[in-house]
Amino acid sequence: MPLVAIVGRPNVGKSTLFNRFTQTHLAIVDDTAGTTRDRQYGQCDWNGRTFSVVDTGGWVINSDDVFEEEIRKQVNIAIEEADIILFVVDVRSGLSDLDSEVAHVLRQSKRPVLLVTNKMDSFEMQYAEAEFYSLGLGDPISISAANGTGTGDLLDKVVERLKDFPDAEATDDIPRFAVVGRPNVGKSSIINAFIGEDRHIVTDIAGTTRDSIYTRYDKFGFDFYLVDTAGIRKKSKVEEDLEFYSVMRSIRAIENSDVCVLMIDATRGLESQDLNIAGLVQRNQKGLVVVVNKWDLIEDRSNTVMKNYENAIRSRLAPFTDFPIIFTSAINKQRIMKVLESAKEVYMHRKFRVSTGKLNAEMLPLIESFPPPSNKGKYIKIKYCTQLEGPIVPTFIFFANLPQYVKEPYKRFLENKIREKWNFCGTPINIFIRQK
Ligand code: GDP
Ligand code: GDP
């Protein structure tokens with residue numbers, strides 16, 4: 001999926017624009033629109049085209065006193081990672097030195113840039129737009145992110161540019177694995193361990209948007225694609241500490257995968273950066289295998305310590321807790337095969353389908369014994385359930401007389417029971433309640 005990055009200095013309206021873009025998508029696809037909103041990363045549908053949007057400002061906590069250096073870094077990362085850059089400026093406050101600096105960096109890059117002049121709330125503002133021509137980034141596109149004026153035209157222009165980025169996908173039945181995690185957790189090391197020295201590459205599928213994204217490996221009895229991004233291969237050490245950096249670099253790999261191997265560093269435990277990447281995996285509904293790497297550096301490697309470590313990880317990632325956790329040493333090649341095995345299993349679990357007969361035979365008696373709590377004296381009855389065919393993620397529909405009264409905790413109860421009866425380890429499950 002193509003990636004569009006919104007850059008610009010603080011307070012120009014990046015997040016307002018981001019919200020406009022991503023709302024179009026949530027309204028269509030998200031069953032619980034509004035509950036999982038995030039200002040950093042989302043998806044946008046426009047005229048049948050879907051793309052990801054990143055708001056670079058979303059990583060800056062106090063955007064008013066952000067250092068210029070920080071913005072410059074973010075622009076550079078956006079140039080490296082995004083397919084199209086929307087450079088937002090504020091016509092009300094006028095052209096600033098920082099705008100000119102950012103424009104300079106953008107002009108030197110090869111990325112397509114759209115210059116967006118925001119806060120054009122009224123036609124009188126038009127005179128103010130003229131000075132932005134001097135940025136040398138072409139005609140400004142006037143919008144008011146706040147009231148929506150011009151944002152449709154802007155989206156048209158984005159989609160127009162996206163014509164150069166075909167939405168090609170691997171369609172064969174071979175799992176696509178992505179290794180994700182903070183810098184220095186050992187991603188390159190484990191990838192090298194997976195593919196060995198002789199790099200037994202079968203084919204390279206031309207990348208969907210840039211470079212080559214999938215590389216197919218046929219090794220040790222496994223046949224899989226490793227989803228690689230430009231980022232994993234040519235890593236620059238400069239921006240390592242920047243959380244934004246590792247997130248930007250993970251997005252594309254996650255989107256293009258079936259199962260993500262999330263690596264964490266045993267000596268550091270689960271940190272907020274790791275949680276953010278785990279969140280991206282979950283939001284994209286990908287399979288998950290957690291790998292605790294550098295286990296060789298832990299002195300006490302007893303089962304008790306391992307168990308405690310496992311429990312700590314699961315409680316941090318709750319409510320999703322049903323995934324494999326593997327303790328590895330990438331440099332000693334310890335339990336490397338186990339990682340591939342687990343990823344393969346998770347891939348199979350995503351495809352597993354329970355027959356409608358078996359599903360009802362197991363679930364209906366349970367539901368009978370523990371029915372959804374009645375609401376305002378209304379009795380709620382679930383009559384029937386089925387697992388949909390086709391979706392990439394196991395999806396179960398429960399038919400009820402009053403679906404709107406079946407709440408989240410009860411859905412979780414249903415999900416847990418399904419997970420107890422059948423093995424869906426590592427994959428998210430969708431539960432929908434529908435009218436019957
Ligand atoms: P960011 O820091 O670049 O993400 O900027 P925000 O999206 O947080 O917006 C900064 C301020 O500008 C907020 O008070 C917004 O309400 C306001 N703003 C955003 N877009 C517009 C617009 O089109 N017109 C006007 N008048 N204000 C806007
Ligand atoms: P990446 O940035 O996530 O790709 O991490 P690298 O694979 O480049 O590893 C970062 C550093 O951690 C390197 O110095 C590796 O040698 C080291 N490293 C990776 N895996 C292990 C491991 O399992 N044990 C130990 N002790 N060091 C490791």
Matching option when the condition is touching a helix residue (DSSP H, G or I) at 6+ places or on another chain (Cβ under 8 Å) and within 29 Å of LYS344 (Cβ to Cβ), among ILE392, ILE397, ILE382: ILE392
Some residue of region 303-321 being surrounded by 15 or more Cβ atoms within 10 Å (Cβ to Cβ), more than 16 Å from ligand 1 (Cβ to nearest atom) and in contact (Cβ under 8 Å) with a residue 60 or more places away in the chain: yes
Boolean, GLU299 is more than 16 Å from ligand 1 (Cβ to nearest atom), at pLDDT 95 or above and acidic (Asp, Glu): no
Failed criterion for ARG268 (all others in (1) surrounded by fewer than 19 Cβ atoms within 10 Å (Cβ to Cβ); (2) among the basic types (Lys, Arg); (3) touching a residue at least 60 places away in the same chain (Cβ under 8 Å) hold): (3)
The one condition in (1) β-branched (Val, Ile, Thr); (2) under 30 Å from GLN126 (Cα atoms); (3) modelled with pLDDT under 90; (4) buried (at least 20 other Cβ atoms within 10 Å of the Cβ) that ILE77 fails to fulfil: (2)
Hits in region 400-436 - residues which are touching a helix residue (DSSP H, G or I) at 6+ places or on another chain (Cβ under 7 Å), of a type outside the set (D, E, K, R) and not in a loop (DSSP other than H, G, I, E, B): ILE431, ILE433, GLN435
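Return the residues of region 384-409 that are out of contact with any strand residue (DSSP E or B) (no Cβ under 7 Å at 6 or more places or on another chain) and within 23 Å of ARG283 (Cβ to Cβ); say none if nothing qualifies.
Residues satisfying the conditions are GLY390, PRO391, ILE392, LYS407, GLU408, PRO409.
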Pairs with Cβ under 6 Å, 6+ apart, first in region 173-186 and under 9 Å from VAL259 (Cα atoms) and within 16 Å of ligand 1 (Cβ to nearest atom), second of a type in the set (A, V, I, L, M) and in a loop (DSSP other than H, G, I, E, B): none
Contacts under 6 angstrom Cβ, first residue in region 124-146 being under 22 Å from ASP156 (Cα atoms) and exposed (fewer than 15 other Cβ atoms within 10 Å of the Cβ), partner modelled with pLDDT under 95 and basic (Lys, Arg), 6 or more apart: GLY136/ARG107
Helices (runs of 4 or more DSSP H) lying entirely in region 144-259 (those with 1 or more residues that are at pLDDT below 70, among the β-branched types (Val, Ile, Thr) and within 16 Å of ligand 2 (Cβ to nearest atom)): 230-233
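Per-residue answers, yes or no, for (1) outside any helix (DSSP H, G or I); (2) not hydrophobic (A, V, I, L, M, F, W, C):
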position: MET306; (1), (2): no, no
position: GLU310; (1), (2): no, yes
position: THR321; (1), (2): yes, yes
position: ASN332; (1), (2): yes, yes
position: VAL339; (1), (2): no, no
position: ALA343; (1), (2): no, no
position: VAL346; (1), (2): no, no
position: HIS349; (1), (2): no, yes
position: LEU364; (1), (2): no, no
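The values are calculated or read from the model by the stated rules, or taken from the named source; none is laboratory data. Quick caveat: nothing in here was measured; it's all calculated off a predicted structure. Ideal geometry is used to build each Cβ from the backbone, glycine not excepted, and the neighbour counts take in all protein chains shown.
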